Each structure stands twice: as structure tokens, then as C-alpha cells.
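Quick notes on the structure that follows.
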Amino acid sequence: MIAALRALGIGVEVRDDGQTLIVAGCAGKLPASQAELFVANSGTTMRFLTALAALGHGEYKIDGVSRMRARPIGDLVTALESLGASIHCLGGCPPVVVRASGLTGGLASIHGNLSSQFLSGLLMAAPYASSAVTIQVEGPLVSVPYVRMTLQVMQAFGVTATAVENYQTIEIPGHSIYQPTDYSIEPDASAASYFFAVAAITGGEVAVRGLGLNSLQGDVAFCECLKQMGCQVRYEDHQITVVGGPLRAIDIDMNAISDTVQTLAVVALFAEGSTRIRRVAHIRHKETDRIGDLATELRKLGAKVVEYDDGLEITPANRLAAEVASTRTGKAGRQAIAIDTYNDHRMAMSFALAGLKIPEVTINNPGCTEKTYPRFFSDLARLVAAGNP
């Protein structure tokens, strides 16, 4: 994202080893009239940049890896075109070519069941349309907390949008202008889910600072899933602590916190009974098919998995960890369980947790975690060391 913004002529200065960014605003007018932007496998970057590029004046091509070229973006393109953009993409997927002359404003409709990022991208670009923008969401909206967070961030930068009917209609006034500000970003609640899961799987205690019950990010609700499974959860103003205990299966709707599905699925390997995860059909269109490919890898660890269009049911093998360990005692002849990650950072981080209880779990392509959490494995190692002095 930083590289793409720079290619568009926007100055981004990185300080404090990446902990501080100084962004030189351009008042909604992109300095570059032409750019080719590469987003690798980041759907967030693809969708937000497509909306941003529509504010420019010129031609911008946005492309990514082969998986990105299979991820849908047609609905966002249609919505932007209804606001005055001219965009070409083949078959409703990237690469995207934006021939931009600014957004005129007006009414845009977008489906809510594919990705909340489509709506967030529209929302962030809308204030710089030449007239007011009304966005109508068709059907149920997935990942509502992310939309709420987008609106709160926009408000922090001086633009207030009005949402009614549970975000089915959102209005952004015309001639809005973002104001510069200092903004502190919360720790990543999705990334924190892996460490909360460590406590659940091992029966230990893990505290994450910087997050609380009133955090902007909906993924803090992952802790409530763990609570239902038998963990203790303590909330403070700026800290959440999870204490593991005997785990039981749950039946859970994870539509609002779908980025933590893989984490919960691995926790389910160590729970008593069958865990059912529902209403997450949209995660089939993420970095990988996060239902089908998740089921494949869970089966490698002995689980019985029933796959549904919108989720899956996970039944661990009896005494899963003990049985797997008993077949792999002693280094001689020990056979590793190789987990494929499909170039999906969340597959790598989630399944690494299984190795806390099951010997010889090998994560293929662990480098895919560079996308969002380059220091994940070193942080996990430090946590494990702290728990085993």
C-alpha cells in the first residue's frame, strides 16, 4: 500500500521502524496522472486503491498475483461507474484499469454479501466526489464491524457520514474535506486472536495490551467465542486476558469476525464435541478458499470435517493430540505433518498453533506471514519460551 501511494505521487515517510507514518495529503487530487500498481495478494489494497484511483485524472492499472486475478471486484467497479468512473476489468476480476476524471457523486448500489472492503473503499473515496453520495447496500452486509470502523476513522479525520437501517443506506455529504490529524492505530485484533488461542489450546494465560472491550475492531469478539468454549476472559480498559480451560464445542455465527475463522477452527481440534461455524460463505473468495482449503488441512490433523457452502463442522479425532503424539514419539522415524498454506498468511499463523500440542507440525511457505505479521513466528517463540521458563 505504501509503495502504491508513493507511485501515485503521495509522500509517505516511514519512521520508528515502521511504527510511525507521516503522510503528505493531496486534498483528494492525485499528483500522478498515470501509474501501474502491484498489490500482490492483498485484497484490501486492491479494493481501496481502485476507489482511490477513481478520484484521479489519468489512467491507472492495478494488478496482483494470479490468485488476485481470481478474486471478484466487479461489484465495486459497477458502483464506482455509477458515480462517474470509467473502469475496465475482465470477467469482474483484476487487473483493473481506471480511466479517471474524478467522481461526480450521486447514488451507488453495492451488494453486501461479498466483502465489506467494497463498501469501505467507496466510503473513503466518496467525500471527494463533486456532489453528495448515497450508497445503498443490497442484501445482508458481512463484517459489519469493519464498516463501523471505517466510518469512525473517517469521522476522526473530519468527515461525518450518516448511516441508517443498520448500514443499508449511507449518505456522505458533498464537498467534504478530510482534515489532517494525528491518529493512533489500535493493535491488530485479528493478529491478537492467535495469542488468545494459544491460551485456549495450552490451558495457559495470555494478556494482550492495547485492546479492550470497547475497541473499534470487531475481532475482539473472538474472545467471546473462546469464553463460550470454556475459557475465562477478563476485560480491562486497555488489556484483554484469556485463561484457558477444558474446551467444549460450540455452534457459532462468525459472519462479523470472519478473519478469525481459521484460528477458531484450530482451537476446535482440542475441544470436546463438534464445532459448527456458520455464515462465512464470503471467505471462499479471500487469499484462498478459506472453507475448502481449511477443511483439507484440518483433516491432515485427524479431524472429521463436514464442509458447507457457508461454513464447516469440525469433529476432532478422539484424544487428537495424544493419539498423534503417540505415533510420533522419538525422533527416529518421526513423520511430520506438512500443512499447506496456499500463500494465505492466516492459514500459516492458525495452523502453527496446532504444533503447540501436536509434535512435528510443519508449516509450508511460512514466509506468507510477511503480508501482515512479519514477526509472527519470533513473537510466538518468545511467548512459548515465557510460558516454559
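The values are calculated or read from the model by the stated rules, or taken from the named source; none is laboratory data. All values reported here derive from a predicted model rather than from experimental measurement. Glycine also receives a Cβ, built like all others from the backbone with ideal geometry; neighbour counts cover every protein chain displayed.
Observations
- Checked against the criterion of being within 27 Å of Gly174 (Cα to Cα), touching a Pro at 6+ places or on another chain (Cβ under 6 Å) and of a type outside the set (D, E, K, R), the candidates Gly84, Gly9 yield just one match: Gly9.
- Pair list, Cβ < 7 Å and 6+ apart or interchain, from segment 281-301 residues that are touching a residue at least 40 places away in the same chain (Cβ under 8 Å) to residues that are among the aliphatic types (A, V, I, L, M) and part of a loop (DSSP other than H, G, I, E, B): His282/Leu114; His282/Val142; His285/Leu114; Leu301/Leu269; Leu301/Ile358
- Being closer than 30 Å to Gly11 by Cβ, surrounded by fewer than 16 Cβ atoms within 10 Å (Cβ to Cβ) and touching a residue at least 40 places away in the same chain (Cβ under 8 Å) is not true of Pro187.
- Candidates Gln34, Gln19, filtered to the one that is in contact (Cβ under 8 Å) with a residue 24 or more places away in the chain, more than 22 Å from Ile135 (Cα to Cα) and polar (S, T, N, Q): Gln34
- Segment 161-181: number of residues that are in a loop (DSSP other than H, G, I, E, B) and either under 17 Å from Leu83 (Cβ atoms) or at pLDDT below 95 (or both): 10
- Take the conditions (1) of a type outside the set (Asp, Glu); (2) in contact with a helix residue (DSSP H, G or I) (Cβ under 8 Å, 6 or more places away or on another chain); (3) buried (at least 16 other Cβ atoms within 10 Å of the Cβ); Leu5 misses just one of them, which is (2).
- Taken together, the residues in segment 154-173 that are surrounded by 15 or more Cβ atoms within 10 Å (Cβ to Cβ) and either in contact with an Asp or Glu (Cβ under 9 Å, 6 or more places away or on another chain) or in contact (Cβ under 8 Å) with a residue 60 or more places away in the chain (or both) amount to 3.
- Top-ranked residue in segment 37-48 [being without any contact (Cβ under 8 Å) to a residue 60 or more places away in the chain and in a helix (DSSP H, G or I); ranked as surrounded by the most Cβ atoms within 10 Å (Cβ to Cβ)]: Met46
- Tally, over segment 220-231, of residues that are assigned to a helix (DSSP H, G or I) and surrounded by fewer than 24 Cβ atoms within 10 Å (Cβ to Cβ): 4
- Residue within segment 184-194 that is among the hydrophobic types (A, V, I, L, M, F, W, C), more than 16 Å from Asp379 (Cβ to Cβ) and in contact with a Leu (Cβ under 6 Å, 6 or more places away or on another chain) present: no
- Members of segment 266-280 found to be over 23 Å from Gly43 (Cβ atoms) and in contact (Cβ under 8 Å) with a residue 60 or more places away in the chain, listed by number: Val267, Leu269, Phe270
- Meets criteria (closer than 30 Å to Met46 by Cα and either surrounded by fewer than 20 Cβ atoms within 10 Å (Cβ to Cβ) or not assigned by TED's automatic domain parsing to the domain that holds Asp379 (or both)) for Arg290: no
- Members of segment 346-367 that are surrounded by fewer than 24 Cβ atoms within 10 Å (Cβ to Cβ) and farther than 13 Å from Leu301 by Cβ: Asn364, Asn365, Pro366, Gly367
- The set of residues from segment 193-214 being over 18 Å from Tyr373 (Cβ atoms) and assigned to a loop (DSSP other than H, G, I, E, B) comprises Gly203, Gly204, Gly212, Leu213, Asn214.
- Scanning segment 263-313 for residues that are under 20 Å from Gly203 (Cα atoms) and either at pLDDT below 95 or part of a strand (DSSP E or B) (or both) yields Glu272, Thr275.
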